[in-house]
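For reference, the structure discussed in these notes is given below.
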DNA sequence: GCATTCGGTGAACGCTTGTACACTGACTAG
DNA sequence: CTAGTCAGTGTACAAGCGTTCACCGAATGC
């Protein structure tokens with residue numbers, strides 16, 4: 001069809017590219033301030049389009065925010081896949097998982113920053129979207145735990161509460177990691193070591209767990 | 001001095017009252033949107049003063065935010081005191097602590113909402129202030145853990161990482177509790193029960209903890 | 001009693017904001 | 001080749017913003 005050299009793209013392609021640019025610049029802006037304080041005009045300006053053109057792609061900034069959740073969840077999903085792939089050897093699942101966590105955060109700071117910052121941030125729709133994804137993450141981990149503890153008489157309720165605790169510990173580490181390269185004392189290694197020990201502590205707890213009588 | 005009936009207050013009193021009102025209305029506004037998206041004019045309007053009068057009390061909204069951290073930390077500090085008072089009996093520290101947590105959150109929703117929402121929110125100064133206070137909280141808990149595990153050969157590093165995990169678990173519960181009365185499935189009892197079991201799991205972990213060889 | 005302090009006022013400023021509307025011109029489908 | 005689509009443009013407007021300034025009048029210190 002096109003013997004033209006390059007550069008020229010179809011209209012659909014061009015649109016997609018602009019859309020992506022809008023998402024990208026917003027993600028970059030969220031690194032400094034929360035989503036609810038970022039204006040449509042600001043995003044449009046950074047993306048190199050006129051404010052009104054924004055509406056060709058998103059109904060509002062809130063709508064863009066919700067889309068951004070999907071976008072920025074990708075690294076986290078990748079993390080699960082990576083962690084699972086390493087698990088059969090089983091040599092040290094925890095150490096392995098924490099290393100993967102560290103790498104993913106390092107390589108996708110903006111995404112994780114967005115997720116942690118907006119998880120309890122201002123925009124309700126975004127909050128809900130993140131919550132849903134995180135729930136999914138927890139339930140995936142619950143399945144994994146079920147496999148590991150198979151036959152040890154764990155109730156699904158207890159499995160879920162354990163997974164929930166582990167996710168909380170990991171997210172705690174993520175937030176600490178994100179603070180590293182912009183201000184305070186702890187360095188990456190310290191944080192990852194602590195996180196590893198925390199997960200190990202939980203694992204020890206699991207080995208002697210007994211449900212409280214109801 | 002004043003035989004006048006009532007109502008009349010000294011200038012200093014009146015000023016303090018207005019200042020408090022500014023803090024209060026801001027706290028109320030934060031329940032719906034994040035601090036960085038709340039305008040000075042909005043706060044002044046709700047407090048019943050003209051925008052310019054705001055400056056008689058705070059240099060900027062950011063400064064007000066930092067003050068608000070102190071303000072809203074009070075319930076959390078109270079929580080520590082309450083929890084400690086109950087501890088000598090030792091019958092069930094965890095259950096007791098979680099009950100206190102539940103009550104404090106119920107009775108001081110706005111404060112906890114502010115803290116959790118702005119902990120990773122937009123304004124750097126506020127974030128730092130909250131972080132400092134939370135660190136203090138963790139170190140208090142570390143001291144308590146040191147007392148409990150005295151003579152069991154715990155390194156201060158391990159004590160701190162355990163306290164950190166416990167705080168993460170509790171804050172996780174706080175955030176879930178705050179979502180309760182505005183949208184989703186889990187009810188308060190469910191969340192508190194889960195939190196209790198999580199802390200219990202950690203306690204079990206402690207009972208078999210051994211440091212990984214360095 | 002008088003001069004001073006100071007919390008609150010009200011008009012005015014220069015800017016930024018979200019959104020409406022009519023438009024243009026390159027791409028596309030027939 | 002032509003008619004239509006549609007991402008991006010440019011102007012415009014009302015509303016809100018933070019901040020300035022001169023001003024008021026009641027409480028205060030002496």
- Note on the structure: In region A:13-42, anything closer than 22 Å to residue A:119 by Cα, part of a helix (DSSP H, G or I) and within 8 Å of DNA strand C (Cβ to nearest atom) is listed as A:40
- Query: Among the residues of region B:79-90, is there at least one that is free of Cβ contacts under 8 Å to residues at least 12 places away in the same chain, on the phi > 0 side of the Ramachandran plot and more than 13 Å from DNA strand C (Cβ to nearest atom)?
  - Reply: yes
- residue A:24 versus (1) within 13 Å of DNA strand D (Cβ to nearest atom); (2) out of contact with any helix residue (DSSP H, G or I) (no Cβ under 6 Å at 6 or more places or on another chain); (3) at negative phi; (4) modelled with pLDDT of 95 or more: which is the lone unmet condition? (1)
- Task: Could you tell me whether region A:34-51 includes any residue that is away from DNA strand D (no atom under 16 Å from the Cβ) and at pLDDT below 95?
- Result: no
- Qualifying position, being surrounded by 15 or more Cβ atoms within 10 Å (Cβ to Cβ) and farther than 16 Å from residue A:201 by Cα, among B:136, B:165, B:171: B:171
- Could you check region A:84-190 for helices (runs of 4 or more DSSP H) lying wholly inside it with 3 or more residues that are under 12 Å from the mean Cα position of the chain (by Cα), facing chain B (nearest Cβ under 9 Å) and closer than 26 Å to residue B:117 by Cβ? A:109-119, A:156-180
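The values are calculated or read from the model by the stated rules, or taken from the named source; none is laboratory data. Because the structure is a prediction, the values reported are computed rather than measured. Neighbour counts run over all protein chains shown; Cβ positions are idealised from the backbone, glycine included.
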